[in-house]
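Accompanying notes for the structure given below.
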Amino acid sequence: MLNSHHLFSSKLKRYTLSLFIVCSMAGINFSQCTPNPTMPRQGICAHRGARDTHPENTLVAFRHAIQLGAHMIECDVQLSKDNEMVIMHDATVDRTTDGAGRVSDLTLEELKSLDAGSWHHPEFARERIPTLREVLEIMPRNVWLNLHLKNSTELGRRVTELLIEQDRLHQSFLACNKQTAAAAKNTNSDVKICNMDRTDSSQRYVNETIAMDAEFIQLKRRSQQVLPELVRDLKAHGIVINFFGTNSPEELRVLFHEGVDFPLVDELTPMMKAARDLGIEPLKPVY
């Protein structure tokens, strides 16, 4: 006689097969029929990946952030000369590669020919500048993807289209200005936005974020104070609070106490330990 575990397993297999058949008949990607995993409600954001120990904004840096259990991973997206979506923070490749010139003046082939790792350490000499598509391919489905777009309405549209294609809307948000956000929302109204149009006034920044119906905000200590009344307003509207940035375990405790959800950090290993000491366990990736 089958035990309850075997019965559940058998039912689950039949359900999965039925779901696959229904999706196939409807012409829908199977992954789009399956429930999305629960997303973290609080934790650590790996700023440009594990950039303290690995070359920033590279696949090896993102893989290490996943291995350490980061709850959110931030990366910077911009367009190459031939309109490919590539991962690079600076406007030029000078600081983080062995090349020179503006990203927008170089083709994807030219960008891929550059060494994007040995500037950090010789062991990373084989690292290349990744495309956004390549980054999405290695990401778990339950980590927040903080996609910082270099302000471009075209980029907002293109990134949104790729997120739809890759079934990543549930876990991704675009950190961008209002114009780029509008282009993304016109492409698909479900795309999540982090308002990056900061102002000198914390209250106005919060009000504008609420007014544009953004899902995320990114506060900064010097210009946007984490004030209790602002946190209350943001939480009342369901807005997730990111914070840039800290590498201090002591400040991390204060930020979480103040209501920040995801501080951005550069020193990922010690900050993941600090979060764990506060009861926030590393994320177990789901693919």
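The values are calculated or read from the model by the stated rules, or taken from the named source; none is laboratory data. All values reported here derive from a predicted model rather than from experimental measurement. Ideal geometry is used to build each Cβ from the backbone, glycine not excepted, and the neighbour counts take in all protein chains shown.
Which number in (1) under 27 Å from Ala275 (Cα atoms); (2) of a type outside the set (Val, Ile, Thr); (3) buried (at least 22 other Cβ atoms within 10 Å of the Cβ) marks the one condition that Ala116 misses?
(1)
I'd like to verify a number: residues in segment 257-287 that are touching a strand residue (DSSP E or B) at 6+ places or on another chain (Cβ under 8 Å) and under 12 Å from Gly43 (Cβ atoms), how many? So that I can check it myself, show each step before the final result.
First pass over segment 257-287, keeping only residues touching a strand residue (DSSP E or B) at 6+ places or on another chain (Cβ under 8 Å): 259-266, 268, 271.
After this cut, where a residue has to be under 12 Å from Gly43 (Cβ atoms) as well, the list is 260-265, 268, 271.
Counting residues in segment 257-287 that are touching a strand residue (DSSP E or B) at 6+ places or on another chain (Cβ under 8 Å) and under 12 Å from Gly43 (Cβ atoms) gives 8.
Surrounded by fewer than 17 Cβ atoms within 10 Å (Cβ to Cβ) and under 29 Å from Ile87 (Cα atoms): which single residue out of Asp266, Asp233 fits that description?
On the way: Asp233 fails: under 29 Å from Ile87 (Cα atoms).
Sole residue among the options that is surrounded by fewer than 17 Cβ atoms within 10 Å (Cβ to Cβ) and under 29 Å from Ile87 (Cα atoms): Asp266.
Of all residues in segment 167-184, which are touching a Ser or Thr at 6+ places or on another chain (Cβ under 9 Å), in a loop (DSSP other than H, G, I, E, B) and farther than 15 Å from Phe216 by Cβ?
Residue satisfying the conditions is Asp167 alone.
Taking the condition aliphatic (A, V, I, L, M), out of contact with any helix residue (DSSP H, G or I) (no Cβ under 6 Å at 6 or more places or on another chain) and at negative phi, does Ala214 pass? Steps first, answer last, please.
Working: aliphatic (A, V, I, L, M): yes; out of contact with any helix residue (DSSP H, G or I) (no Cβ under 6 Å at 6 or more places or on another chain): yes; at negative phi: yes.
Here the answer is yes, as Ala214 does meet what is asked.
Could you please let me know if Glu154 is outside any helix (DSSP H, G or I) and farther than 23 Å from Val286 by Cβ?
Numbers: outside any helix (DSSP H, G or I): no; farther than 23 Å from Val286 by Cβ: yes.
It is false that Glu154 is outside any helix (DSSP H, G or I) and farther than 23 Å from Val286 by Cβ.
So which of Thr92, Thr34 is surrounded by 14 or more Cβ atoms within 10 Å (Cβ to Cβ) and at pLDDT below 95? Working first, answer last.
On the way: Thr92 fails: at pLDDT below 95.
Of the residues listed, the single one that is surrounded by 14 or more Cβ atoms within 10 Å (Cβ to Cβ) and at pLDDT below 95 is Thr34.
Which residues, taken from segment 202-216, are of a type in the set (S, T, N, Q) and buried (at least 23 other Cβ atoms within 10 Å of the Cβ)? Explain how you work it out, then say what you get.
Kept after step one, since they are of a type in the set (S, T, N, Q), are these residues of segment 202-216: 202-203, 207, 209.
Thr209 - this is the single residue of segment 202-216 that is of a type in the set (S, T, N, Q) and buried (at least 23 other Cβ atoms within 10 Å of the Cβ).
Does Lys192 satisfy being under 21 Å from the mean Cα position of the chain (by Cα), modelled with pLDDT under 95 and assigned by TED's automatic domain parsing to the domain that holds His89? Break it down into steps so the answer makes sense when it comes.
Details: under 21 Å from the mean Cα position of the chain (by Cα): yes; modelled with pLDDT under 95: no; assigned by TED's automatic domain parsing to the domain that holds His89: yes.
Here the answer is no, as Lys192 does not meet what is asked.
Condition first: surrounded by fewer than 21 Cβ atoms within 10 Å (Cβ to Cβ) and in contact (Cβ under 8 Å) with a residue 40 or more places away in the chain. Now tell me which residues in segment 269-287 satisfy that.
Those that are surrounded by fewer than 21 Cβ atoms within 10 Å (Cβ to Cβ) and in contact (Cβ under 8 Å) with a residue 40 or more places away in the chain: Thr269, Ile280, Glu281, Pro282, Lys284, Pro285, Val286, Tyr287.
Quick one: which residue in Glu56, Glu74, Glu84 is crowded, with 21+ Cβ neighbours inside 10 Å, acidic (Asp, Glu) and under 20 Å from Arg158 (Cα atoms)? So that I can check it myself, show each step before the final result.
Working: Glu56 fails: under 20 Å from Arg158 (Cα atoms); Glu84 fails: crowded, with 21+ Cβ neighbours inside 10 Å.
When all the criteria are applied, what remains is Glu74.
Of (1) farther than 19 Å from Asn177 by Cβ; (2) out of contact with any Leu (no Cβ under 7 Å at 6 or more places or on another chain), Glu134 satisfies all except one. Which?
Glu134 satisfies all of (1) farther than 19 Å from Asn177 by Cβ; (2) out of contact with any Leu (no Cβ under 7 Å at 6 or more places or on another chain) except (2).
Listed residues Arg141, Arg126, Arg168; which is within 24 Å of Tyr287 (Cα to Cα), basic (Lys, Arg) and in contact with an Asp or Glu (Cβ under 9 Å, 6 or more places away or on another chain)? Spell out how you get there, then give the answer.
On the way: Arg126 fails: within 24 Å of Tyr287 (Cα to Cα); Arg168 fails: in contact with an Asp or Glu (Cβ under 9 Å, 6 or more places away or on another chain).
Of the residues listed, the single one that is within 24 Å of Tyr287 (Cα to Cα), basic (Lys, Arg) and in contact with an Asp or Glu (Cβ under 9 Å, 6 or more places away or on another chain) is Arg141.
Go through segment 93-106 and give me each residue that's farther than 15 Å from Ala61 by Cβ and under 22 Å from the mean Cα position of the chain (by Cα).
Scanning segment 93-106 gives Val93, Val103.
Return yes or no: is Val254 closer than 15 Å to Gln42 by Cβ, among the hydrophobic types (A, V, I, L, M, F, W, C), free of Cβ contacts under 8 Å to residues at least 60 places away in the same chain and in contact with a strand residue (DSSP E or B) (Cβ under 7 Å, 6 or more places away or on another chain)?
no
Please tell me if Ala65 is assigned to a helix (DSSP H, G or I), among the hydrophobic types (A, V, I, L, M, F, W, C) and under 28 Å from Asn247 (Cα atoms). Lay out the reasoning, then the answer.
Values: assigned to a helix (DSSP H, G or I): yes; among the hydrophobic types (A, V, I, L, M, F, W, C): yes; under 28 Å from Asn247 (Cα atoms): yes.
Against the criterion (assigned to a helix (DSSP H, G or I), among the hydrophobic types (A, V, I, L, M, F, W, C) and under 28 Å from Asn247 (Cα atoms)), Ala65 qualifies.
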